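Right, one structure below, let's go through it.
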């Protein structure tokens with residue numbers, strides 16, 4: 001007679017319940033683990049050369065049938081693959097249409113010292129960014145622009161928040177993430193490594209176009225991006241070598257954070273191209 | 001004895017109920033009206049030189065006290081200002097913390113012919129963009145980059161959706177918006193007006209950096225942006241003069257729609273600067 005444990009686990013099973021707690025930041029911090037949703041993101045997490053330590057993969061039977069390569073990759077890596085019911089899976093996800101697979105991963109963040117030692121050329125520093133969707137979108141844009149790291153400094157949102165993980169579209173696994181560092185320490189560390197520090201702010205005295213014209217972006221650069229509602233406070237702007245505005249050509253009062261970050265990071269990427 | 005109508009209106013009052021229906025697209029289309037939330041957006045809607053016809057302003061008494069200039073602006077413009085209860089207001093809004101004021105505005109969209117006749121230099125065309133937050137963010141970025149119009153073509157989301165209105169942060173009132181035009185008609189009209197048509201697609205054969213190096217963005221340009229999940233279908237890409245990719249320098253698989261649009265529109269804005 002098969003043991004009941006061989007059937008898909010119900011929501012109340014203690015391993016499902018333990019994973020479900022990871023939807024809350026305090027439990028993620030305590031367990032040093034977070035949830036990754038959907039086949040694409042779980043595939044990234046399982047990449048053999050990636051930074052993630054996957055503790056467990058939860059999958060509904062139907063999704064296991066649809067993604068046999070995922071199950072095989074997990075098993076090849078010695079990662080337990082656990083069947084669970086659709087209701088149990090729904091309790092682990094935050095999306096309206098979950099895609100049947102969730103992984104429990106160890107946190108990815110690395111110390112600032114490790115980033116600094118690698119002589120980065122382009123780093124995004126988020127200071128007090130609170131919206132997880134914005135943070136994830138900036139991480140994705142930073143990855144696309146070829147940034148060497150993203151620092152979530154000060155009281156920024158937890159990058160392991162489900163919304164941030166989803167908005168990053170896998171980029172969380174692609175470049176080093178630093179968390180829990182005061183903004184001033186991040187700036188000091190990056191400056192000591194030879195990066196100029198540019199604060200992006202709608203009221204900045206320097207125009208991004210002028211910086212591009214003047215080749216001021218050619219060197220290694222850390223960009224500081226502020227909170228979506230109130231921007232960068234004066235004491236953070238004062239830490240920067242320059243405060244830079246993305247020019248507003250029309251009548252918009254400002255750009256949203258992720259848009260401004262993408263324009264700044266791509267300006268740096270363009271200036272860093274080999275000629 | 002004061003008439004009961006002088007007290008704040010309750011949710012069931014017929015004018016509140018009529019406004020509440022505007023949360024649904026079919027009623028917005030039928031009444032040719034939409035809802036604008038929050039003092040900043042309502043201020044934009046009431047701007048004397050703006051494109052909006054405001055039919056009514058709903059305000060909770062407390063917010064009327066906090067924004068007397070808004071109430072005065074509405075009254076000066078002959079717009080009825082109606083007090084309503086906080087519960088009635090909450091029924092009109094979609095935000096968790098509504099800011100106490102909502103306006104009913106006439107739809108803003110203009111015919112494509114009007115945009116074409118104005119000899120635009122930079123236009124964003126959204127083809128089948130379905131997420132209202134993305135559409136609003138692109139409208140805001142297009143405004144900031146100095147675009148002359150945004151066309152929501154094909155089966156794109158309704159720009160008067162509450163999420164789109166909020167994400168546009170007032171930009172909906174800043175530049176002409178065209179809706180309900182097939183993508184092919186939008187492309188034909190803009191091309192006839194002398195604009196080159198560039199489709200943005202991660203698999204594009206032309207690199208945005210190369211176009212910038214070669215001054216290919218100096219002329220009037222319409223950018224075509226596709227659906228957030230599946231991009232631009234082949235028949236739409238085939239309408240363009242070139243299909244352009246934003247370079248991916250890192251390991252991200254793609255950029256999100258609003259990020260890619262911002263980078264493309266800002267590349268055009270930079271190329272259009274007077275030298």
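The values are calculated or read from the model by the stated rules, or taken from the named source; none is laboratory data. Please read these numbers as outputs of a predicted model, since none were measured by experiment. Cβ placement follows ideal geometry from the backbone for every residue including glycine, while neighbour counts extend to all protein chains displayed.
A single member of A:267, A:222, A:258 is in contact with a strand residue (DSSP E or B) (Cβ under 6 Å, 6 or more places away or on another chain) and either touching a residue at least 24 places away in the same chain (Cβ under 8 Å) or part of a helix (DSSP H, G or I) (or both), and it is A:222.
Can you say whether residue B:98 is at pLDDT below 95, over 14 Å from residue B:172 (Cβ atoms) and within 14 Å of chain A (Cβ to nearest Cβ), as far as the supplied structure shows? In short, no. The residue list B:217, B:265 contains one member that is surrounded by 20 or more Cβ atoms within 10 Å (Cβ to Cβ), more than 21 Å from the chain's Cα centre (by Cα) and either within 11 Å of chain A (Cβ to nearest Cβ) or at pLDDT 95 or above (or both), which is B:217.
Scanning segment B:31-47 turns up no residue that is surrounded by fewer than 14 Cβ atoms within 10 Å (Cβ to Cβ) and without any contact (Cβ under 8 Å) to a residue 60 or more places away in the chain. Evaluate segment B:62-70: report whether one residue or more is closer than 16 Å to residue B:174 by Cα and not assigned by TED's automatic domain parsing to the domain that holds residue B:152. No, there is no match, as no residue in segment B:62-70 is closer than 16 Å to residue B:174 by Cα and not assigned by TED's automatic domain parsing to the domain that holds residue B:152. Residues that are at pLDDT 95 or above, more than 16 Å from residue A:124 (Cβ to Cβ) and within 14 Å of chain B (Cβ to nearest Cβ) within segment A:174-208 comprise just one, A:207. Across segment B:244-254, not a single residue is classified as part of a strand (DSSP E or B), under 20 Å from residue B:145 (Cβ atoms) and away from chain A (no Cβ under 14 Å). If you go through segment A:103-122 and pick out every residue that is within 12 Å of residue A:186 (Cα to Cα) and in contact with a helix residue (DSSP H, G or I) (Cβ under 6 Å, 6 or more places away or on another chain), you end up with 2.
Looking only at segment B:83-95, decide whether some residue is in a strand (DSSP E or B) and in contact with a strand residue (DSSP E or B) (Cβ under 8 Å, 6 or more places away or on another chain). There is at least one residue in segment B:83-95 that is in a strand (DSSP E or B) and in contact with a strand residue (DSSP E or B) (Cβ under 8 Å, 6 or more places away or on another chain). Test residue A:233 against the criterion of being modelled with pLDDT of 95 or more, surrounded by fewer than 21 Cβ atoms within 10 Å (Cβ to Cβ) and assigned by TED's automatic domain parsing to the domain that holds residue A:125, and give yes or no. No: the conditions fail for residue A:233.
Residues that are more than 14 Å from chain A (Cβ to nearest Cβ) and either closer than 17 Å to residue B:228 by Cα or surrounded by fewer than 19 Cβ atoms within 10 Å (Cβ to Cβ) (or both) are absent from segment B:134-149.
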